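Visitor: Take a look at this one; I'll ask things after.
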Amino acid sequence: MHQKEKEKEFELLIKQHELLIFKVCAMYASEAGDRQDLFQEIVIQLWKAFKNFRGESKFSTWLYRVAINTAITRSRKEKKFIDLYDPASMPVQISDVNNSIEQEEQLQQLYLSIGQLNEIEKAITMLYLEDRSYEEMSNILGISEGTLRVKMNRIKEKLRQMTKNN
Amino acid sequence: MELDDLKEQWKRSTENIKPSNNNIMQLIQNKSTGPLEKLKQRFKKPMVLLPLVVSMLIINLSRRHDIFSDGLFWFYIGICLVVISYFFYSYRMVSKMQVMDEMVKANLEKQVQTLENSIKKRIVFIRVMAVLFIVLMEILMYYQQEPSFAKWYAQPLLLRLSCYIFLVVLFYFFTRSVKNKRYTKLITNLKELVSQMQ
């Protein structure tokens, strides 16, 4: 395929899946500047890897792999992240949804707790919230479906405990 | 509130997010600012700078006499080639780690393996280089009596040997401290992530 055509195809695919990248950025970066940097880094890595994309898996599966791998590689240096985590950085803005004050507080707690999960748990949680099947999650993360179910239950329990303690 | 309660809100939220004004084609023209790219640049710079420095040394040497029969010339060339190979090898290792489209677990495992292997090889390489440097210095003395090192060769053998031993020990601790400072924590973190995926 001609370079220009390849670029056009890539641009179109990224525009179609931009939201997925935003969500990964929101999950792994706490501040607006960091999120923008991560977005750019993910797009660069996607472009580098695009030459090898043969369509053997769904585009969204492939995109999640690159985005999560990039985010994990980058977030290794951002250990301050856990302390500074801002719930407002999540794609679901509290103000977007009409909740009672109590519900909003609970929601805040839940966001804070998600921010304290480790990189792998964040990836599993995000894919779960995205309603991805365990089969697709397994294709993205490389963990067996059975292990993923066990991990998901543990994460839910962990979040429950963290929300209670906060 | 449970995670499942958030699921619905998470789904609904996507309807509120407007498309960005990011110019994708412009973004991909930018250089990566990720940690692996920075590491790659750290290895790339010496590959460019070293031949320049060695060329200057050789030009300086060629003013004195025929360089091809000069042991020092081959000494510079040898050291330069070996050091460039070292940086090239390191550069390639990081390039391999930059492939991001594998499954997350496989990618992390690959990074651990690549890092561990390359660090081991690089440490051995640096230590061998220190020894090789010493051997070449002494060879130059016996076969050429290189005038640039005349003062050094005039020193008693015991003093030279002590300095060489000091150099080897220094390199040993230097490589160990660089490994601990730069990589041990990183590898431990990566291994921890991999173990969480078992």
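None of the figures in this text is laboratory data; all of them are computed from the coordinates on show. Source: prediction; values computed, not measured. Cβ placement follows ideal geometry from the backbone for every residue including glycine, while neighbour counts extend to all protein chains displayed.
Visitor: Looking at A:N69, A:N52, which is the one that is part of a loop (DSSP other than H, G, I, E, B), at the interface with chain B (Cβ under 9 Å from one of its Cβ atoms) and of a type in the set (S, T, N, Q)? Before the answer, list the steps.
Guide: Values: A:N69 fails: part of a loop (DSSP other than H, G, I, E, B).
None of the others qualify; the one that does is A:N52.
Visitor: Still on this structure, please answer the following. Pull up the stretch A:17-49, narrow it to residues that are in contact (Cβ under 8 Å) with a residue 60 or more places away in the chain and not in a helix (DSSP H, G or I), then point me to the one that is nearest to the other protein chains (Cβ to nearest Cβ).
Guide: If we take residues in the stretch A:17-49 being in contact (Cβ under 8 Å) with a residue 60 or more places away in the chain and not in a helix (DSSP H, G or I), then A:A29 is nearest to the other protein chains (Cβ to nearest Cβ).
Visitor: Could I ask something else about it? All but one of (1) closer than 20 Å to A:L63 by Cα; (2) at the interface with another protein chain (Cβ under 7 Å from one of its Cβ atoms); (3) surrounded by 19 or more Cβ atoms within 10 Å (Cβ to Cβ) hold for A:L110, so report the exception by its number.
Guide: Unmet for A:L110, out of (1) closer than 20 Å to A:L63 by Cα; (2) at the interface with another protein chain (Cβ under 7 Å from one of its Cβ atoms); (3) surrounded by 19 or more Cβ atoms within 10 Å (Cβ to Cβ): (1).
Visitor: Those residues that are of a type in the set (S, T, N, Q) and either surrounded by 14 or more Cβ atoms within 10 Å (Cβ to Cβ) or in a helix (DSSP H, G or I) (or both), I need them from the stretch B:174-198; list them, please. Reasoning before the result, please.
Guide: Quick first cut of the stretch B:174-198, residues of a type in the set (S, T, N, Q) only: B:175, B:177, B:180, B:184, B:188-189, B:195-196, B:198.
B:T175, B:S177, B:N180, B:T184, B:T188, B:N189, B:S195, B:Q196, listed by residue number.
Visitor: Examine the stretch B:106-122 for a residue that is crowded, with 16+ Cβ neighbours inside 10 Å, within 14 Å of chain A (Cβ to nearest Cβ), of a type in the set (D, E) and closer than 30 Å to A:S138 by Cβ, and state whether such a residue exists.
Guide: For the stretch B:106-122, residues crowded, with 16+ Cβ neighbours inside 10 Å, within 14 Å of chain A (Cβ to nearest Cβ), of a type in the set (D, E) and closer than 30 Å to A:S138 by Cβ: present.
Visitor: Just one of (1) touching a Gly at 6+ places or on another chain (Cβ under 9 Å); (2) facing chain B (nearest Cβ under 7 Å) trips up A:I14, so point out which.
Guide: That leaves (1) as the condition not met.
Residue by residue, here is whether (1) in contact with an Asp or Glu (Cβ under 7 Å, 6 or more places away or on another chain); (2) more than 10 Å from chain B (Cβ to nearest Cβ); (3) part of a helix (DSSP H, G or I); (4) in contact (Cβ under 8 Å) with a residue 40 or more places away in the chain holds:
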{"site": "A:K122", "(1), (2), (3), (4)": "no, yes, yes, yes"}
{"site": "A:E136", "(1), (2), (3), (4)": "no, yes, yes, yes"}
{"site": "A:I140", "(1), (2), (3), (4)": "no, no, yes, yes"}
{"site": "A:L148", "(1), (2), (3), (4)": "no, no, yes, no"}
{"site": "A:M152", "(1), (2), (3), (4)": "no, no, yes, no"}
{"site": "A:I155", "(1), (2), (3), (4)": "yes, no, yes, no"}
{"site": "A:T163", "(1), (2), (3), (4)": "no, no, yes, yes"}
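Visitor: Right, another one. Determine which member of the set B:L50, B:L39, B:L27 is within 16 Å of the chain's Cα centre (by Cα), closer than 23 Å to A:K51 by Cβ and buried (at least 16 other Cβ atoms within 10 Å of the Cβ). First the steps, then the outcome.
Guide: Working: B:L50 fails: closer than 23 Å to A:K51 by Cβ; B:L27 fails: within 16 Å of the chain's Cα centre (by Cα).
On inspection, the qualifying residue turns out to be B:L39.
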